[in-house]
Amino acid sequence: MYRAAWVLFLIVTFMNSGSIAERGHLTTTQMERYDKLTHELIAPCCWREPIAIHRSAEALQMLEEVEQLVSEGRSEDEIKSIYVARYGPRILADPPGIDWYWLYLIPFALLAAFMVAAVIRLRSLVGRTASPKSSSPPELIAQVRMETETEW
């Protein structure tokens, strides 16, 4: 069992080092562009993860294509437009036209609105239940005060 796990570890290690050696022909700037692009393109098989993370056949094929396009000297916009033409804008992790700040602003605005509504509602309930004048006659209040003072 231990030997089988060790052999499996060595196979995976050599497979990964082979893919790194294949990308050895990219310069450092090309490698940075490659990494950025592979994190900005979504795997078309499930539309959940970037191709840099996802390990399906389509994602691996896209990784090779992106590497090829980067090594040819294509710009990031050209590469993105190729995949947008093929799969649509859904292929991009940040599709154009979506303002990201709304994703942060709307939850806080809703939370603030609910808190204001809760405070207004609580104030109206407290205002209704607490009357400023006592409905008890003053003689009864005085009698209760005298009885409580004598007990102490």
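The values are calculated or read from the model by the stated rules, or taken from the named source; none is laboratory data. Given the structure is predicted, the values throughout are model-derived calculations rather than measurements. All Cβ positions, glycine included, derive from the backbone under ideal geometry; neighbour counts span all protein chains shown.
So which residues in the range 73-82 are part of a helix (DSSP H, G or I) and either at pLDDT below 90 or under 26 Å from the mean Cα position of the chain (by Cα) (or both)? Hits for the range 73-82 are 76, 77, 79, 80, 81.
Condition first: assigned to a helix (DSSP H, G or I) and among the polar types (S, T, N, Q). Now tell me which residues in the range 48-72 satisfy that. Scanning the range 48-72 gives 61, 68, 71.
When residues in the range 77-92 are screened for being surrounded by 14 or more Cβ atoms within 10 Å (Cβ to Cβ) and either hydrophobic (A, V, I, L, M, F, W, C) or touching an Asp or Glu at 6+ places or on another chain (Cβ under 8 Å) (or both), 6 of them pass. For the range 83-142, taking the residues that are among the polar types (S, T, N, Q) and either part of a helix (DSSP H, G or I) or at pLDDT 85 or above (or both), the one that is farthest from residue 44 (Cα to Cα) is identified as 129. Being at negative phi, modelled with pLDDT under 90 and acidic (Asp, Glu) is not true of residue 35.
Apart from one condition, residue 36 fits all of (1) under 23 Å from the mean Cα position of the chain (by Cα); (2) surrounded by 14 or more Cβ atoms within 10 Å (Cβ to Cβ); (3) not hydrophobic (A, V, I, L, M, F, W, C); the exception is (2).
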